[in-house]
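In what follows, a structure is listed as structure tokens, so that the remarks can point back to it.
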Amino acid sequence: MVSILITAGPTREHLDDVRFLSNGSTGRMGFALATAAMRLGHEVRLVLGPVDAAPPPGCMTRHVVSALEMQRAAEDWFSDCQIAIGAAAVADWRPAHRAVGKPARHGSTRSESIELVQNPDIIAGLAAKKGQRVVVGFALESEAATMEQAIARGEDKLRRKQLDFCVCNRSDAIAKDSSAMALVFADGRRVDLGVRDKVAAAEAILSEAVRLYGERRGNA
């Protein structure tokens, strides 16, 4: 048995107490990973952004809202885990200043601008200090992209973030039960998963992550 850290769902970056920047992630892929891992007898620690559905029963869960909260929770749990899988759709940017309350709309027709600052790269931060641990990321391309373009983005993310492997798919996977996926590895290997439901894809992802950790531990 290994302990697996999974981040899932979106983050919300608040402009004020009511308005926020976010995305359409439902957390389904993270839930599928958590469910499959527990079925295989592993311990799961789930860091979950704001979603409508309840997390799978049996996993340790921390509910977070913003990217900074997700980063703190993930880093706190990472030291106790052997595998980390970043399935969350973390907002790339957050407002530089959060207004208090809900500012009223003014009658002026002039344009307004919002100053944004970059959020931390959570999965890259974990990978930078992984040691023997296995760190897995996701790369999402637009729906209009080909799978080869999605794979190219995954390979770039793999190198930049020092991941062990990356799951490549397209934005048509959001809120769907199945999608086309491919895995790209740091050693240059590719595994085409084809079109699978998220439960079957989760099992394949977990199998590769656990195998890699076992090899790394055996070679230590």
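Structure above, values below:
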read-out: Residues of region 124-176 satisfying the condition of being surrounded by 16 or more Cβ atoms within 10 Å (Cβ to Cβ), modelled with pLDDT under 80 and either in contact with a Cys (Cβ under 6 Å, 6 or more places away or on another chain) or among the basic types (Lys, Arg) (or both); value: Arg170
read-out: Selected residue (criterion: modelled with the lowest pLDDT) from residues of region 68-116 that are farther than 27 Å from Tyr213 by Cα and touching a Pro at 6+ places or on another chain (Cβ under 9 Å); value: Ile114
read-out: Selection from region 1-52 of residues that are over 19 Å from Asp197 (Cβ atoms), hydrophobic (A, V, I, L, M, F, W, C) and in a strand (DSSP E or B); value: Ile4, Leu5, Phe20, Leu21, Val44, Leu46, Val47, Leu48
read-out: Residue that is farthest from Ala36 (Cα to Cα) [pool: residues in region 67-87 that are aliphatic (A, V, I, L, M) and in contact with a Leu (Cβ under 8 Å, 6 or more places away or on another chain)]; value: Ala74
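Residues checked against (1) without any contact (Cβ under 8 Å) to a residue 12 or more places away in the chain; (2) farther than 13 Å from Gly86 by Cα; (3) surrounded by 23 or more Cβ atoms within 10 Å (Cβ to Cβ); (4) of a type in the set (Lys, Arg):
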position	(1), (2), (3), (4)
Gly30	no, no, yes, no
His63	no, yes, no, no
Ala67	no, no, yes, no
Gln71	no, no, no, no
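The values are calculated or read from the model by the stated rules, or taken from the named source; none is laboratory data. Please read these numbers as outputs of a predicted model, since none were measured by experiment. A quick note on method: Cβ atoms are made from the backbone with ideal geometry, for glycine too, and the neighbour counts reach across all protein chains shown.
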